[in-house]
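This report refers to the structure that appears directly beneath it.
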Amino acid sequence: MAVEGLAGRRRADVRGLNPTVALIPVLGLFWGLNWPAVRICLDEIKPWTLRTLGFTLAALLLFGLLRLRGEPLSVPRRHWLRVFGTGLLAVTGYNILSALAQLTASTTRTAVLSYTMPLWTVLFARLIVGERLDGRRMVGLALGAAGLAALGWPIAAEGQLSWGLLFAVGSGLSWAAGAVLMKRYPTDAGPITVAAWQLALGAATTVFGMLWVEGVPEIHPLQARTTLALIYHVIFAQALANAIWIQILDKLPAGIASIASLLVPAVGVIGATLILGERPTAADWSGLVLIVGASAVVLVRFRPAEPVLA
């Protein structure tokens with residue numbers, strides 16, 4: 001009976017963890033491959049125009065999905081400020097700063113520095129939400145910091161500091177602040193609804209930046225490679241990934257959810273190597289090993305062995 005009870009508890013743990021854990025590598029894949037996709041798009045589309053186009057199409061896609069599923073499209077009026085504030089930081093601010101960063105720095109380095117976000121999130125979550133820094137989070141944070149340091153070392157050693165790299169760090173800070181505020185002030189609506197409105201508000205914000213900085217965009221045919229990259233960016237990296245992220249954040253503490261997202265720069269660096277032809281150094285690869293280790297630490301719970309009774 002004791003053996004059956006222990007097995008039952010373990011099955012319950014697996015059932016409780018699987019839905020959320022399964023989404024994390026999906027998010028890592030979607031957001032990670034978005035780095036080379038955006039780099040390809042920026043060869044033909046200006047950054048403010050790209051973000052306005054991406055936000056608009058992704059928002060329309062999610063609103064259409066909500067309509068097909070018969071789910072509500074509205075957010076309670078009392079939570080509009082929450083949706084706007086968190087979307088401005090985690091969606092608009094992050095996307096604009098990361099796109100500007102990629103114009104003046106390599107995709108590999110930008111992805112790495114942008115993903116200092118989990119480090120800021122753990123600290124913000126401690127200060128704003130009051131999440132406890134337990135042993136797992138401390139170990140994951142330490143491994144993540146070591147991995148990012150290994151990846152960032154070539155930048156400092158080669159004297160390659162630039163505005164692009166500062167934009168990359170700023171994008172991580174913006175995203176982390178938005179993630180923690182979403183955790184501190186949840187919205188009474190489903191993840192797809194919240195993501196749709198955050199993207200729509202992002203489009204409304206970036207269109208002014210587009211007109212001010214870049215003017216009315218010129219319509220011209222895109223290369224097939226750019227078109228495919230844009231389709232990926234809209235459907236997978238904006239529409240689906242933002243909805244998945246909000247669901248993950250709802251189910252996991254902000255610190256753990258964000259450290260787990262350290263899988264994204266690993267995918268981004270590998271994607272930049274295979275798709276863009278960038279050549280990471282030995283320090284890059286060692287940093288990625290540490291980063292994947294950080295993700296594993298926060299995803300896997302080690303339980304003490306329990307006695308099995310006859």
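Coordinate-derived values only; no laboratory data. Every value quoted in this text rests on a predicted model; they were computed, and no experiment measured them. Positions of Cβ are backbone-derived with ideal geometry, glycine not excepted, and every protein chain shown enters the neighbour counts.
See the values below:
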| item | result |
| --- | --- |
| For region 23-299, fraction of C-alpha pairs farther apart than 24 Å, in % | 46 |
| Gain on full stretching of the segment that runs from residue 134 to residue 149 - 0.36 nm per residue minus C-alpha separation | 3.2 nm |
| Label point distance in nm, residue 228-residue 274, each placed 7 Å from Cα along Cα→Cβ | 1.3 |
